[in-house]
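Nothing in this text is a laboratory measurement; each read-out follows from the coordinates by a stated rule. These numbers were taken from a predicted model, which means no experiment stands behind them. Cβ sites come from the backbone with ideal geometry, for glycine too, and all protein chains shown count toward neighbours.
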Amino acid sequence: MKVFENVDAYIESFPVTVQRKLQEIRKIIKTAAPEALESISYGMPAYKLSGKPLVYFAGYKQHIGFYATPTGHTAFAKELSKYKQGKGSVQFPLTEPIPLTLIAKIVQFRVQEQLNNK
């Protein structure tokens, strides 16, 4: 696994068309969770709030993986049902528009969930 110093370096390691999509997701997360700390964890961009994982995302050859485990996926199961999913992950194909509004809703849900569980 390649080690990245920060999220900028991670995003810059992808082709320009993928970089744009990753930057859009990053912007959505930072807007929906301005208090979240950004880092690299498990080799991908990670966001933590109050020291607890909030969401992650990762670029791949054919898709972007989004990880809002565990509850972010469960709470939005209907909206996410059209996408390929794995345990705790959802895959947004690079050949389709990224559902930025849905991602924002999931991040906002996770923020509220963490704030309510303090």
Cα-Cα over 22 Å, subset of LYS61/LYS82; LYS30/LYS61; LYS52/LYS84; LYS52/LYS105: LYS30/LYS61; LYS52/LYS84
Computed FRET value (nearest 0.05) for LYS2 with GLN85, which takes r as the C-beta separation and R₀ as 22 Å: 0.30
Residue with peak Gaussian network fluctuation, the chain [Cα springs, cutoff 10 Å], from ALA33, ALA75, ALA46: ALA75
Distance from region 90-110 to region 2-64 (C-alpha centre basis), Å: 13 Å
Relative contact order computed over region 7-116 (Cα-Cα under 8 Å; 6+ residues apart), in percent: 25 percent
With at most 14 other Cβ atoms within 10 Å, longest stretch of the chain clear of loop GluC sites (Glu not before Pro) (DSSP): 36-118
Helix-only CD estimate at 222 nm, as mean residue ellipticity for the chain, using -39500 (n - 2.57) per DSSP H run (n ≥ 4): -12000 deg cm²/dmol
